[in-house]
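**Student:** Got a structure for you, questions after.
The values are calculated or read from the model by the stated rules, or taken from the named source; none is laboratory data. Owing to the predicted nature of the structure, the values given are computational and were not obtained by experimental measurement. All Cβ positions, glycine included, derive from the backbone under ideal geometry; neighbour counts span all protein chains shown.
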Amino acid sequence: MSNQGPRWFEQRKDFVSTWRPDDAEASGTEGDHPDLFTRCPSCSEPLFNETLTAQLWVCHLCGHHFRISAVERLRGLCDDPPSVVVHDADLGSVDALGFVDSKPYPERILSSRKKTGRNDAFISLAGEVGGVDVELGAFDFAYLGGSMGSVVGEMITRLYERALERRVPAIVISASGGARMQEGVLSLMQMAKTCAALARLQGAGLPYISLLTHPTTGGVAASFAMLGDVILAEPGALIGFAGPRVIRETIGEELPEGFQTAEYLLEHGLIDRIVPRAEVKPTIVRLLRQFLDLPPVAPVQLTQPGLRSAAQPLEKPDPTPPGRG
Ligand SMILES: [Zn+2]
C-alpha cells in the first residue's frame, strides 16, 4: 500500500489549467487558439475551454463526450480526492518476451512513463464515493492505449482482492484497447486472473460497478468490464471485442448502423444503462447505497459531480458495515 500524500491529485500535471483531452488535439485547425477554445470533433463547433471544463468536457451543442484523463475521472468520482489512498503505483511492466515491433517494448514503456508520469496504464485507489468506502480504479488511455499487460491485470486483481478483504464495493472505469500485444500470452492470462478474483468478490455478495468509456475493447471488454453487477456506459462510447473492419472482413457482410456503440449495446441488452458524464457520480452513488441498504443522499449534494471541490463532503457513511453478507 502506498499513499502518495494528501495533495497527490493537485500535483498531477493533468490538472494545470492548460489541460486538454487527448481527443481534442487532432481536431484543432490552423488559426485555432487551443488555450482559449477547442473544436468539437463531432459537430466542428469551437467551444470555449472554460465552458467545456465547467461542463465536464461534454459539448453542450451536440453532446460529444471528450475523452478525459483517468485522474480527472477519479477526481470527479471521489468525495474527497486529497484523502484517497493510492495503491500499487510502484508496479511496473518488464519485457519478459523481448518483444520488438516497430520499436522495442522497453522503449514504448519508457516513453509512456514520460508522457503520463506513471508506471503503467491503470490507477488504483481506496476512497469514498457518496459516503461509501470503495476500492476503485481507472484506465489511463494515454499509456499505450490503456492496454492490459501483467501489471494492469495484477492491479485490477488486487483491487478486487482488497475490496473482498475490506468487504467494500469495487468500481472499475475502463478505457482500453484490450490486452497488450507486447506481453503476448502473459497479457491474455490477465483476463482469466482478473475474472477469477472478481468471481470471489461477487461470490461474497459484494457489489461491483463497471463503467465503460470510449473506447472499451479487446480483452478488457471480453473480461471484467462486461461482468459488472451493473454495467454503465458513457454516450457514444465504442464498446466491442474486435474492430468493425476485422468483423466485416471475417463475416463478409456490412455491419448495422451504430454497431459497437454504447447505444447499440443497450438496445441489445448487453449493458444496463447509458449515463451522461454529469450523471455518472449521482448514478453510482445511488447504486452503491441501494446495494448496501443505506439511505439515499440528498440530490443537492450531488449536483456538481465532476469538478466539485472537497469543500462540501457528502454525508458520512452509516456506522453499520457496508458488506451485504
Ligand atoms: Zn459538438
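**Student:** Mind telling me which of the residues Thr261, Thr250, Thr217 ends up being under 21 Å from Asp140 (Cβ atoms) and not aliphatic (A, V, I, L, M)?
**Tutor:** Working: Thr261 fails: under 21 Å from Asp140 (Cβ atoms); Thr250 fails: under 21 Å from Asp140 (Cβ atoms).
Testing whether each residue is under 21 Å from Asp140 (Cβ atoms) and not aliphatic (A, V, I, L, M) leaves just Thr217.
**Student:** Considering Glu183, Glu165, Glu161, which residue is assigned to a helix (DSSP H, G or I) and in contact (Cβ under 8 Å) with a residue 60 or more places away in the chain?
**Tutor:** On the way: Glu165 fails: in contact (Cβ under 8 Å) with a residue 60 or more places away in the chain; Glu161 fails: in contact (Cβ under 8 Å) with a residue 60 or more places away in the chain.
Result of the check over Glu183, Glu165, Glu161: Glu183.
**Student:** Is at least one residue of region 255-262 surrounded by fewer than 17 Cβ atoms within 10 Å (Cβ to Cβ), modelled with pLDDT of 95 or more and of a type outside the set (Lys, Arg)? Write out each step before concluding.
**Tutor:** First, pick out the residues of region 255-262 that are surrounded by fewer than 17 Cβ atoms within 10 Å (Cβ to Cβ): 255-259.
If we keep only those that are modelled with pLDDT of 95 or more as well, we get none.
Scanning region 255-262 turns up no residue that is surrounded by fewer than 17 Cβ atoms within 10 Å (Cβ to Cβ), modelled with pLDDT of 95 or more and of a type outside the set (Lys, Arg).
**Student:** Can I ask one more? So which residues in region 88-112 are more than 25 Å from the chain's Cα centre (by Cα) and hydroxyl-bearing (Ser, Thr, Tyr)?
**Tutor:** Ser102
**Student:** Here is a follow-up. Given (1) modelled with pLDDT of 95 or more; (2) within 18 Å of the chain's Cα centre (by Cα); (3) of a type outside the set (Gly, Ala, Ser), where does Arg162 come up short, assuming only one miss?
**Tutor:** (2)
**Student:** Further question: How many residues does region 247-265 hold that are out of contact with any helix residue (DSSP H, G or I) (no Cβ under 8 Å at 6 or more places or on another chain) and within 26 Å of Leu52 (Cβ to Cβ)? Please lay out each step first, then the result.
**Tutor:** The first filter runs over region 247-265 and keeps only residues out of contact with any helix residue (DSSP H, G or I) (no Cβ under 8 Å at 6 or more places or on another chain), leaving 247-253, 257, 261-265.
Checking the rest, the ones that are also within 26 Å of Leu52 (Cβ to Cβ) come to 261-263.
Matching residues across region 247-265 total 3.
**Student:** Taking the conditions exactly as written (over 16 Å from Ala70 (Cα atoms) and not polar (S, T, N, Q)), does Glu183 satisfy them or not? Working first, answer last.
**Tutor:** Values: over 16 Å from Ala70 (Cα atoms): yes; not polar (S, T, N, Q): yes.
In short, yes.
**Student:** Now for a different question. Test Gly146 against the stated conditions and say whether it is within 24 Å of Leu201 (Cβ to Cβ) and either outside the structural domain of Thr38 (by TED's automatic domain parsing) or modelled with pLDDT of 95 or more (or both). Talk me through it step by step, then tell me what you get.
**Tutor:** Numbers: within 24 Å of Leu201 (Cβ to Cβ): yes; either outside the structural domain of Thr38 (by TED's automatic domain parsing) or modelled with pLDDT of 95 or more (or both): yes.
Answer is yes for this residue.
**Student:** Out of all the residues in region 90-106, is one or more touching a strand residue (DSSP E or B) at 6+ places or on another chain (Cβ under 8 Å), under 16 Å from Ala175 (Cβ atoms) and either touching a residue at least 12 places away in the same chain (Cβ under 8 Å) or surrounded by fewer than 20 Cβ atoms within 10 Å (Cβ to Cβ) (or both)?
**Tutor:** There is no residue in region 90-106 that is touching a strand residue (DSSP E or B) at 6+ places or on another chain (Cβ under 8 Å), under 16 Å from Ala175 (Cβ atoms) and either touching a residue at least 12 places away in the same chain (Cβ under 8 Å) or surrounded by fewer than 20 Cβ atoms within 10 Å (Cβ to Cβ) (or both).
**Student:** Those residues that are more than 19 Å from Pro282 (Cα to Cα) and touching a strand residue (DSSP E or B) at 6+ places or on another chain (Cβ under 9 Å), I need them from region 51-83; list them, please. Full working, then the answer.
**Tutor:** Going through region 51-83, the residues more than 19 Å from Pro282 (Cα to Cα) turn out to be 51-52, 59-62, 64, 66-67, 69, 82-83.
Residues satisfying the conditions are Thr51, Leu52, Cys59, His60, Leu61, His64, Phe66, Arg67, Ser69, Ser83.
**Student:** Taking region 39-84 as the search range and keeping residues that are more than 10 Å from the ligand (Cβ to nearest atom) and among the β-branched types (Val, Ile, Thr), which one is surrounded by the most Cβ atoms within 10 Å (Cβ to Cβ)?
**Tutor:** Out of the qualifying residues, it is Ile68.
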